[in-house]
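Comments concern the structure below.
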There are 2 protein chains.
Amino acid sequence: MTDINFSRGPTNPDSQGATSPAPRLAELRWDIIELLFFAYRDFVGDADHELEAFGFGRAHHRVMHFVYRYPGLKVADLLDVLRITKQSLGRVLKQLLDEGYIVQKTGNNDRRQRLLYATPKGEALVAKLAGLQTDRITRALRDINPEGVAAISQFLRAMIDRDDPDKVLEAIFGTGSKKPRE
Amino acid sequence: MTDINFSRGPTNPDSQGATSPAPRLAELRWDIIELLFFAYRDFVGDADHELEAFGFGRAHHRVMHFVYRYPGLKVADLLDVLRITKQSLGRVLKQLLDEGYIVQKTGNNDRRQRLLYATPKGEALVAKLAGLQTDRITRALRDINPEGVAAISQFLRAMIDRDDPDKVLEAIFGTGSKKPRE
DNA sequence: AAGATATGTCAACATGACTGACATAAATTT
DNA sequence: AAATTTATGTCAGTCATGTTGACATATCTT
C-alpha cells in the first residue's frame, strides 16, 4: 500500500547541495517549526468549522475577537492589529455591522472616530469560538505544571515582534514606556 | 491623541449579554488565544518576506517544506498533510516542478505514484526559510530551561488532533500503533 | 481658511482556497 | 481478459480575503 521511503529527515542533505549555500542544517528547529504548523492549523480549525454555520470566515472572527476584547477599539487600531488594508477590513466590518454583531459609536473627543463595540449577539459568537479554542488549550495544558505553563507563556510572548507594537500588543505586554507619567 | 477607552477586557461582559447564553466567560484562555495569534503571525511573517523575493507564497513554502523534510512523499500524502484539494496543490506544485525546486520520480512498486523530492535549489530555499524561523525560535527559547522547553513541546503536541493522523504526523508522533508487529 | 486626519467607498486585481467534471495510466478485482 | 478502483492531472468556474490606487466626506488642527 504505502510503500514509500518514510525515513525521517532528508536523505543525506549535506551531500546533495552541490550548489547550495549549506546553511547550518544541523541546528534548525524542524521540530518546533512543524509543531507550530500543526498546532495552529488545528487551533484555528476549531473556530473555522463553527464559523461556517454563521456564513463567516476567519477574517470575521479576528475582527469580532478584538472588538469584543478591546471595547471602543478604533478602526485605525484594528487596522494596526490585523495588518490589513482598510478596504479589506471594510468588507467584513460592514457585514458584521449590518448583521448586528458590532455597533459603532462616534468618539467623544474626536467625532471622526468610530469606536467599535460588540453587541450581545457578537459577544455570544466570540464566546462560543473562544470556548472551543479554550477547550483545546485546557486539554493541552492539563498535565503541565505551573512552571511549564509559565514557560509556554514566556515562549509565546518571546516569539512576538516587539518593535512598533500596536495598541493591543501594548495592552498585552503592559508597555508602560509610553508617556511614563506626565 | 489616542483618547480611547483601553481598559483591558470587555466592559462588564456579563451584564450586557441580555439574551446571550452567558457561556463561562471567566475561564476562557484569552491570554493563550491571543499569544498564539500574534506568535504565529510573526512566525510565518519571517518566511513571507523572504518568499516575495522568489515570487512564491505561503502555499509554496508549505509544499517545499514537507517535500524536503519527508523525501519521497506522494502527492496523496501531501494532500493529507496540507488538507487542500489536488487542484490547489496542483497549481503550486506545477510551478515548483517547472522552476526546478522539486523533482518527481515514478514509484518503484506502484508506477502510478509520483514521489516528490527537493532539488538542491529547493533545499536551499527551505533551509533559508527554516533558518529565519529557527532564529526566532532560538531567541524565544534562550532563557527557558530544559524543563520549560519540554513543556512547550508537550503543549504544542497536545494541541494537535490525533484522530486520523496523516503520514507526517505519524512520523512526528511515532505512531507505532498501526500494524503492531505482524 | 487651509491643511491634516479618520473613515468610507469604488474599481480592478492577485492569491489560494473551493466544487464539479472529466482524462489517463496503472493496479486490483472479478 | 474485462471491469473496477486508485493515483494523478487538468479544465472551468467560483469564493474569500488580501492587495493598490483614487477619491469623497466629515472633522480636527494650525
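Look at B:VAL67 and say whether it is within 11 Å of DNA strand C (Cβ to nearest atom), over 21 Å from A:ALA47 (Cα atoms) and either more than 7 Å from chain A (Cβ to nearest Cβ) or modelled with pLDDT under 95 (or both).
Numbers: within 11 Å of DNA strand C (Cβ to nearest atom): no; over 21 Å from A:ALA47 (Cα atoms): yes; either more than 7 Å from chain A (Cβ to nearest Cβ) or modelled with pLDDT under 95 (or both): yes.
Judged against the criteria, B:VAL67 is not a match.
If A:LEU79 satisfies every condition in (1) within 13 Å of DNA strand D (Cβ to nearest atom); (2) in contact (Cβ under 8 Å) with a residue 12 or more places away in the chain but one, which is the exception?
Condition (2) is where A:LEU79 drops out.
What number of residues in segment A:82-99 are away from DNA strand D (no atom under 13 Å from the Cβ) and of a type outside the set (Asp, Glu)?
Count: 1.
Might you check whether a residue that is within 16 Å of DNA strand D (Cβ to nearest atom), within 12 Å of another protein chain (Cβ to nearest Cβ), surrounded by fewer than 21 Cβ atoms within 10 Å (Cβ to Cβ) and in a strand (DSSP E or B) occurs anywhere in segment B:38-51?
No.
Taking B:GLY100 as meeting all but one of (1) under 23 Å from B:LEU169 (Cα atoms); (2) loosely packed, with under 15 Cβ neighbours inside 10 Å; (3) small (Gly, Ala, Ser), write down the number of the exception.
Here B:GLY100 clears every test but (1).
Quickly run through segment B:120-175 and pick out the residues that are touching a residue at least 24 places away in the same chain (Cβ under 8 Å), open to solvent by 20 Å² or more (accessible area, probe 1.4 Å) and at the interface with another protein chain (Cβ under 7 Å from one of its Cβ atoms).
Residues satisfying the conditions are B:LYS128, B:LYS167, B:ALA171.
Could you list, in sequence order, the residues of segment B:91-139 that are acidic (Asp, Glu) and under 30 Å from A:ASP161 (Cα atoms)? Can you show your working first?
Filtering segment B:91-139 for residues acidic (Asp, Glu) gives B:98-99, B:110, B:123, B:135.
Matches in segment B:91-139: B:GLU123, B:ASP135.
Across segment A:107-119, which residue is farthest from the other protein chains (Cβ to nearest Cβ) among those that are open to solvent by less than 100 Å² (accessible area, probe 1.4 Å) and in contact with a strand residue (DSSP E or B) (Cβ under 8 Å, 6 or more places away or on another chain)?
Per the criteria, the residue is A:LEU116.
Regarding segment B:77-93, can at least one residue be identified that is more than 14 Å from DNA strand C (Cβ to nearest atom), open to solvent by less than 30 Å² (accessible area, probe 1.4 Å) and in contact with a Gly (Cβ under 6 Å, 6 or more places away or on another chain)? Let's see the steps before the verdict.
Restricting attention to segment B:77-93, the residues satisfying the condition of being more than 14 Å from DNA strand C (Cβ to nearest atom) are B:77.
Next cut, open to solvent by less than 30 Å² (accessible area, probe 1.4 Å) only: B:77.
Imposing the further condition that a residue be in contact with a Gly (Cβ under 6 Å, 6 or more places away or on another chain) reduces the set to none.
Looking through segment B:77-93, none of the residues is more than 14 Å from DNA strand C (Cβ to nearest atom), open to solvent by less than 30 Å² (accessible area, probe 1.4 Å) and in contact with a Gly (Cβ under 6 Å, 6 or more places away or on another chain).
The values are calculated or read from the model by the stated rules, or taken from the named source; none is laboratory data. Because the structure is predicted, anything quoted here is derived from the model rather than measured. Note: ideal-geometry Cβ built from the backbone for every residue, glycine included; neighbour counts use all protein chains shown. For accessibility, only protein heavy atoms count, side chains too; no ligands or nucleic acids. Shrake-Rupley method; radii C 1.70, N 1.55, O 1.52, S 1.80 Å.
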